[in-house]
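Report on the structure given below.
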Amino acid sequence: MPDESLKKDVVKKITIWPQLLATGTLSLAVIGSGLANGWASPYLAQLTSTEANVPLRLTDTEASWVASLLNLGRLAGALLSALCQEYIGRKKVLLLGGVPLAASWVFSICATSVMWLYTSRFCSGIGSGMIWSALSLYLSEIANPKIRGSLISMNVNASSFGLFLGNSIGPYLSMEMFGYVSLVPNILFIILFSLIPESPYHYLLHGDIDKAEESLKWFRREADVKAEMRDLQEFVDGAETNIFIKFKEFLIPKNLKKALVVVGVYVFSYLSGYSALTSYAEIILTKSEITVRPSLVVMILGFSTIIAGLSATLLVDKLGRRCFLIMSGIGTSLSLALLGLHFHLLSLEFDPATLTWLPIVALLTFNLSMSSGLQPIPSTLLGEMFTANIKNMASLCVSSSNAVLSFVSAKTYQPYLDLVGDKFVYWSYSICVLFSVPYVYFLIPETAGKSLLEIQRAIKK
């Protein structure tokens, strides 16, 4: 008997490759989204500089709109995604999301005025909003429970890789050439992902049991998936396709509470100033008066997010969601406090050369902490915590909230900075993020290793 169970485990390890293939293909779109985020740091620094040789020159106000319009686009993308998912499926929504992302790079290539950049950033946001609204739901529906957290974290890490690429190649490429390079993963995604099956959940939702079983067999590579099909059917049982009925059920207090709990985790992510610090990283380092070239440090910071994301991918299903979130909250709060301390010491006229290490260590710790917990884990929770009937509405609620929060975070950063000064901005961010620790400890359930049906049963208890 032990030998037989060992053989079964080996088979399961071997047959997860179709899920990894789907995740890897999806990561091409996420890399494109990450490139759009990574674009901001090098090019905003160039476009607002009086010394850089660039075809456009932006005011600080125009730059803040360029930085934040992506997030308004995400709101539009999230709404569009929610309207389409139940009717055409997650897969087609993900493919459609690749179109505005590709269009955004075409607008960037053609940019001759700030309006082209506004349009480009808004289109990037629409594509990102559509992709991120459907991505965690799609992956949670195709993944084996033992690797579900890792697969979703893998795609969040792909965004960090795109961010790293953007920060790395941005200082050395013209905006036009950057656009051409960024088109490559978008086009590859649209071609390759069209060959991956739709989620079995979508077929069951529409009563097509044969196609659902065929899809599940493709992802599991097992001839007999009837036991898992029964669980999936029980999970989907009673689910509606009418979006208005879903919305009514979503507003039931117990369902709305779960959505608000997940939104709360995202709130702490944005209260850290992550959106603003990502967009203004090179400008922050320049103001820090470090003796190292800021663009080089930004590259190192981008690489650190990949390392941190990789650790989350490998360990999130073993150590659990709550552990990573709590460690992330503590590390992020500490790093922001150190960044505020650096600007406080500069205001006391300390020699900047002796303090060069401080902002670099602070931002490195910030990136490592955010990318190992507060960035990837909420997306995993979004794919796990909701019943079949309200998953789409929950995704819409969370994605829309994210877009608004990200827009507010990026748009208010500069005015807030002008009002209170650097050190108070980062210290206030630090205090806010610290509250994530008790929030996670008392309100977030542990979902690692459980099937979607088991999670719902555990939450009801």
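Structure summary
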read-out	value
Members of the range 191-214 that are without any contact (Cβ under 8 Å) to a residue 40 or more places away in the chain and crowded, with 20+ Cβ neighbours inside 10 Å	Y203, L204, A212
For T112: the one exception among (1) farther than 21 Å from F189 by Cα; (2) at pLDDT 90 or above; (3) of a type in the set (S, T, N, Q)	(2)
Test for S136: is it in a helix (DSSP H, G or I), hydroxyl-bearing (S, T, Y) and within 16 Å of the chain's Cα centre (by Cα)	yes
Scope the range 204-236; condition of a type in the set (F, W, Y), at pLDDT 80 or above and closer than 26 Å to L396 by Cβ; matching residues	F219
Complete set of residues in the range 430-450 that are part of a helix (DSSP H, G or I) and either at positive phi or under 20 Å from the mean Cα position of the chain (by Cα) (or both)	V433, S436, V440
Residue list for the range 412-431, filter: under 21 Å from T286 (Cα atoms), open to solvent by 20 Å² or more (accessible area, probe 1.4 Å), touching a residue at least 24 places away in the same chain (Cβ under 8 Å) and among the hydrophobic types (A, V, I, L, M, F, W, C)	F424, W427
Single residue of S409, S451 found to be farther than 24 Å from K318 by Cβ, in the same structural domain as A312 (by the TED database) and open to solvent by less than 50 Å² (accessible area, probe 1.4 Å)	S409
Candidate set: the range 386-406, residues that are outside any helix (DSSP H, G or I) and open to solvent by less than 30 Å² (accessible area, probe 1.4 Å); chosen: the one nearest to S272 (Cα to Cα)	F386
Cross-chain or 6+ apart pairs with Cβ under 9 Å, the range 237-250 first and under 15 Å from L396 (Cα atoms), then at pLDDT below 60	K246/E240; E249/E240
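The values are calculated or read from the model by the stated rules, or taken from the named source; none is laboratory data. None of these values were measured; they are calculated from a predicted model. Don't worry about glycine lacking a Cβ; one is built from the backbone with ideal geometry, like all the others, and counts go over all protein chains shown. The accessibility values were calculated without ligands, DNA or RNA, using every heavy atom of the protein model including side chains. Shrake-Rupley method; radii C 1.70, N 1.55, O 1.52, S 1.80 Å.
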